[in-house]
Amino acid sequence: MTAWSERMLIERIREASKGSADGLITSIGDDCCEIFSSGSFLISTDSLIDSIHFNRSFHPPHLLGRKSIAVNLSDIAAMGGRPRFVLLSLSLPENLEWEWIAAWLDGALEILNEYDCMLIGGDTVKSKELGITVTVLGEPVGDSAIYRTGAKDGDTIWVSGPLGSAGAGLALLSCDHLQPVSADKAVFDALLKAHLNPVPKIALGLALARSGHVSSMQDISDGLATDMAHICKASGVLALIHAERLPYLPELQIAADQLEMEIEDLILRAGEDYQLLFTVKKGQETLFRQSLRETEPGIFKIGEISSGNGVFLKKKSKIEEISFQGYEH
Ligand SMILES: Nc1ncnc2c1ncn2[C@@H]1O[C@H](COP(=O)(O)OP(=O)(O)OP(=O)(O)O)[C@@H](O)[C@H]1O
Ligand SMILES: Cc1ncc(C[n+]2csc(CCOP(=O)(O)O)c2C)c(N)n1
Ligand SMILES: [Mg+2]
């Protein structure tokens, strides 16, 4: 095991994050970084804590580095913004292997590079628990950012892709007695990836913001049942979701059967899919579909907004309330 020090890690981060960016005046190396901007910034922060947000026994450090950044970029996507800068706070146990840290950092820097986002500062401390806190700064595009408060009576509800995959991936990886045999591993590859290496929907978020047809948006981190409820509460409206329209991968049913889990729990309640959940303004669906045709064919209309409160699921002729039934710590 290679010995490491905070200084050595910070030096490596500094070396890897050299470069210039529009508006960046001072980066890593001083007490603060300094940015100039003529417009507004979207700013969000998210922490990942060992054993609560990830399990090191099955999460490869390189993919965890990617995920630590991805879940933060997803919050910028959810406002229809472009990520620009990131601050990184690491709380690291003394006995953590340097090889693990280096692989984590490679993953984090790799995804930052893919989204043209720059690491401009942070903090490194020794700690009993491993904790990773990322702060991201992004810029809104289009006329304004997209908020949770804008859904109105008559709007339609959409999601950007299949749900339940990440929850099933986590359950498959967590389940000792069900270690997927090698043949199954390939079948479940997309589910495992959804948990280990989620993709922030930046391009779609930007396209949605630019379209001008989207009235509210958020990303799905705690599950549709809870994240839809956030929009409904913030906008003061009711959401009716049609169960038969909810998108999921075909292998989700196979995984749910093997795991003896309800597929509906995975789709509505497991979280971490990092799909975008958004509403399209009343009467603008055709224009909206035309504006998105080239960028994103794989989006799904799952319900409607009306006046009232809460989130309701319609299954055949039955309607049940599912508000805030998603993931709780
Ligand atoms: N400790 C805190 N101090 C100040 N504000 C907070 C704190 N924790 C959360 N918030 C704020 O509360 C709001 C909801 O936070 P939350 O972490 O639930 O965000 P989210 O986007 O819904 O979920 P996720 O963290 O999974 O992206 C955000 O505006 C966030 O900035
Ligand atoms: C080891 C382990 N146990 C459970 C989970 C599931 N999980 C943790 S946080 C979260 C929601 C988003 O979190 P937040 O709202 O804090 O951003 C979910 C679904 C996991 N990923 N790893
Ligand atoms: Mg969010």
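The values are calculated or read from the model by the stated rules, or taken from the named source; none is laboratory data. These numbers come from a predicted model, not from an experiment. Cβ sites come from the backbone with ideal geometry, for glycine too, and all protein chains shown count toward neighbours. Calculation scope for accessible area: heavy atoms of the full protein, side chains included, ligands and nucleic acids excluded. Shrake-Rupley method; radii C 1.70, N 1.55, O 1.52, S 1.80 Å.
Couple of notes before you dig in:
- Taking residues in segment 43-59 that are assigned by TED's automatic domain parsing to the domain that holds Thr133, and partners anywhere that are away from ligand 1 (no atom under 16 Å from the Cβ) and open to solvent by 90 Å² or more (accessible area, probe 1.4 Å), the pairs with Cβ atoms closer than 7 Å and at least 6 places apart or on different chains are Ile49/Glu129; Asp50/Glu129.
- Screening Phe288 against (1) farther than 23 Å from Phe312 by Cβ; (2) within 16 Å of ligand 1 (Cβ to nearest atom) leaves a single unmet condition, (2).
- Of all residues in segment 162-182, one or more are part of a helix (DSSP H, G or I), within 16 Å of ligand 3 (Cβ to nearest atom) and open to solvent by less than 40 Å² (accessible area, probe 1.4 Å).
- Among the conditions (1) assigned to a loop (DSSP other than H, G, I, E, B); (2) within 26 Å of Ser216 (Cβ to Cβ), the only one that Glu94 does not satisfy is (2).
- Scope segment 24-59; condition modelled with pLDDT of 95 or more, more than 16 Å from ligand 1 (Cβ to nearest atom) and under 23 Å from Ala78 (Cβ atoms); matching residues: Ile35
- Residue match in segment 115-134 (condition: of a type in the set (Val, Ile, Thr) and within 21 Å of Gln218 (Cβ to Cβ)): yes
- Some residue of segment 211-230 being away from ligand 1 (no atom under 13 Å from the Cβ), at positive phi and in contact (Cβ under 8 Å) with a residue 40 or more places away in the chain: yes
- Flag: Tyr274 matches the condition of being within 13 Å of ligand 1 (Cβ to nearest atom) and either in the same structural domain as Gly303 (by TED's automatic domain parsing) or of a type in the set (D, E, K, R) (or both).
- Search result, residues across segment 37-60 that are away from ligand 2 (no atom under 15 Å from the Cβ) and over 18 Å from His230 (Cβ atoms): Ser37, Ser38, Gly39, Ser40, Phe41, Ile43
- Within segment 226-241, considering residues that are crowded, with 21+ Cβ neighbours inside 10 Å and within 15 Å of ligand 3 (Cβ to nearest atom), the one nearest to the chain's Cα centre (by Cα): Asp227
- Every test in (1) in a loop (DSSP other than H, G, I, E, B); (2) open to solvent by 40 Å² or more (accessible area, probe 1.4 Å) is passed by Arg82 save one, and that test is (1).
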